[in-house]
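See below for the structure under consideration.
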Amino acid sequence: MKLTVKVDGSTKEIEFSEKENLLKLLHSNGIYINAYCSGRGICKKCIVKFTKNAPKTLKLEEETFGKKTEEGYRLACLHSLNNDAEIEVSLAKPVFAEFDAEVCSDDEKTHVAIDIGTTTIAVAVIKNRKLFKTAHILNPQVAFGADVISRIAYSNEGNLKVLAESLKKALKETISSLCANKIESIVVSANPTMLTFLLEKDPKPIGEYPYTPPFKGSFEGELFSSKLYIPPVVSAFVGADITAALSILPEDKDYLFIDIGTNCEFILKKDNSYFASSVPAGPALEGANIDYGTIAQDGAIYKVEFKDTFKVYTINDKPAIGITGSGLISSIALLREFEIIDNEGRLLEAWETEAPFSLINRIKKEGFLLDKNIYLTQNSIRNFQLVKASLNAALKIILKKTDLKIPKRIYIAGGFSKSLAKEEILKSSLLSFDGEFVMLGNSSLAGSLRLFCKMNREKVERISQKIEYLEIANESEFEKLYIESMGF
Ligand code: FES
């Protein structure tokens, strides 16, 4: 069977022999269309237009596209092909963004820092010891699974090459969209699973007891004909993305560092002792797996406010297109403040709340109306609850195991964190304790940008050797604490 794909002005033909999911078929053939929810039929972003042999329209597509379904519009993840077809698609493009971070480089050559997150990838180019340009893209591997566990499972089915190639192709294209110069060196920060895909190593040992990472300590090699440096890997779950951040954290103060992503990692520092841990949390705060979720791009809602009137803030003030992780936290904080979400996380109906009328007016059957056709839904609130339950349960276990208290200084990392206020973290109960919060944004990328100099490489390698990894997910108490931490 043959699928003909018209993509950004060119045509590609894909032969396939068995019934195959359209989204997977496109991604495994190097055609990366958006798929924020990993093919779960939630984000409605994997849009294709059939020009021949369109499959029967599904209810969700009728609701999403209305009359445009007659022109062939469908969601790729919802259809499997078992005959010839022709489609038109547009590719997911890198989003160029401002990134504010210090650079440390021992020379004036061109270098590239890359943060490979499970959900998003950020790439930054350095020229003359200065940050030149930054872009981020959705990790194309999301089509093969939302989290590391499902990607390892997909790799175990004989798809390591597909995963590795999709990643490298996306990296290469993003680097060349940023800069045409010869790249002297590349620093890659990523969790150990993403590193196995980058180095095309079997990730199976990470997913099985005794959970072995592809390597320990730092790694030097070659990538795209440039020198490659990967900051130290501590364990199967604490990788280069976390140790890179050590280059920006102080050595003379105690702190708790939390990197909130699809996986959450913690470092608790007390004097000269460093404890690290990690827990899976799901990609909701990266804008994936939530209704109307999006990565940070023009029009993404990153904050809401109510001062007499309800206001949404979007990136670059563009018309709203979806919700980012910070938009999700901000909306939940606001709805908790006005008791429109109850203690169990239920979005109340209009008649159940005494909130101001202009807020009550926004409660619709689809959810809470944030902007034209964009809702905070019950499903998104539930996904947020899963993240906060993981986070808080893990923290309780870490404190118990180390017999320490939460230090005054708390660093919050994660792409979404930059635009968050401390009050939003507390009101949404993302974290349930107060302190001196410092929002770091993407600390993996910011940390990598400082690793083109020897001094900082030595710093992260020295501290990494002191880190003691604490296993928490298998703790018998975890489940009980997880359920307890689910409510608000
Ligand atoms: S990937 Fe198809 S709806 Fe999200």
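Can you tell me which residue is farthest from residue 457 (Cα to Cα) among those in region 244-263 that are crowded, with 24+ Cβ neighbours inside 10 Å and touching a Pro at 6+ places or on another chain (Cβ under 6 Å)? Of everything passing the filter in region 244-263, 262 is farthest from residue 457 (Cα to Cα). Checked against the criteria, residue 107 does not count as surrounded by fewer than 21 Cβ atoms within 10 Å (Cβ to Cβ) and either within 16 Å of the ligand (Cβ to nearest atom) or modelled with pLDDT under 95 (or both). Filtering region 333-347 down to residues that are surrounded by fewer than 18 Cβ atoms within 10 Å (Cβ to Cβ) and out of contact with any Phe, Trp or Tyr (no Cβ under 6 Å at 6 or more places or on another chain), which residue is farthest from residue 485 (Cα to Cα)? The residue in question is 338. Checked against the criterion of being away from the ligand (no atom under 13 Å from the Cβ), out of contact with any Pro (no Cβ under 8 Å at 6 or more places or on another chain), part of a helix (DSSP H, G or I) and not acidic (Asp, Glu), the candidates 56, 67, 6 yield just one match: 67.
Taken over region 70-88, residues that are assigned to a strand (DSSP E or B) and either basic (Lys, Arg) or within 27 Å of residue 148 (Cβ to Cβ) (or both) amount to 3. Across region 20-48, what is the total count of residues that are more than 7 Å from the ligand (Cβ to nearest atom) and of a type in the set (D, E, K, R)? Within region 20-48, residues that are more than 7 Å from the ligand (Cβ to nearest atom) and of a type in the set (D, E, K, R) number 2. Inside region 156-198, residues that are within 21 Å of residue 125 (Cα to Cα) and not small (Gly, Ala, Ser) make up a count of 21. Scanning region 293-311 for residues that are of a type outside the set (S, T, N, Q) and out of contact with any strand residue (DSSP E or B) (no Cβ under 8 Å at 6 or more places or on another chain), we see that the one that is surrounded by the most Cβ atoms within 10 Å (Cβ to Cβ) is 306. The numbered conditions (1) within 15 Å of the ligand (Cβ to nearest atom); (2) within 28 Å of the chain's Cα centre (by Cα); (3) not in a helix (DSSP H, G or I) are all true for residue 100 except (1).
When region 240-267 is filtered for residues that are touching a helix residue (DSSP H, G or I) at 6+ places or on another chain (Cβ under 6 Å) and either farther than 25 Å from residue 150 by Cα or part of a helix (DSSP H, G or I) (or both), the ones remaining, listed by number, are 241, 243, 244, 245, 246, 247, 248.
In region 189-215, what residues are closer than 25 Å to residue 158 by Cα and in contact with a strand residue (DSSP E or B) (Cβ under 9 Å, 6 or more places away or on another chain)?
Those that are closer than 25 Å to residue 158 by Cα and in contact with a strand residue (DSSP E or B) (Cβ under 9 Å, 6 or more places away or on another chain): 190, 191, 192, 193, 194, 195, 197, 198, 199, 213, 214, 215.
Which residues, taken from region 52-95, are closer than 20 Å to residue 10 by Cβ, in contact with a helix residue (DSSP H, G or I) (Cβ under 6 Å, 6 or more places away or on another chain) and assigned by TED's automatic domain parsing to the domain that holds residue 41? Break it down into steps so the answer makes sense when it comes.
The initial filter retains those residues of region 52-95 that are closer than 20 Å to residue 10 by Cβ, namely 52, 72, 76, 84-94.
So of that shortlist, the ones also in contact with a helix residue (DSSP H, G or I) (Cβ under 6 Å, 6 or more places away or on another chain) come out as 76, 94.
Hit for region 52-95 is 76, nothing else.
Taking region 34-82 as the range and being surrounded by fewer than 18 Cβ atoms within 10 Å (Cβ to Cβ), charged (D, E, K, R) and within 25 Å of residue 383 (Cβ to Cβ) as the test, the residues that pass are 40, 59, 62, 63.
Within the option set 150, 166, being among the polar types (S, T, N, Q), touching a residue at least 40 places away in the same chain (Cβ under 8 Å) and buried (at least 21 other Cβ atoms within 10 Å of the Cβ) holds for one residue only, 166. Looking at region 156-230, the helices (runs of 4 or more DSSP H) lying wholly inside it that each contain 2 or more residues that are more than 23 Å from residue 243 (Cα to Cα) and over 21 Å from the mean Cα position of the chain (by Cα) sit at 160-178.
Within region 149-202, the set of residues being touching a helix residue (DSSP H, G or I) at 6+ places or on another chain (Cβ under 8 Å) and acidic (Asp, Glu) comprises 200, 202.
Only residues that are in a loop (DSSP other than H, G, I, E, B) and charged (D, E, K, R) were counted in region 268-293, giving 2.
The values are calculated or read from the model by the stated rules, or taken from the named source; none is laboratory data. All figures in this text were calculated on a predicted structure; none of them were measured in a lab. Please note: Cβ atoms are built from the backbone with ideal geometry, for glycine as well, and neighbour counts cover all protein chains shown.
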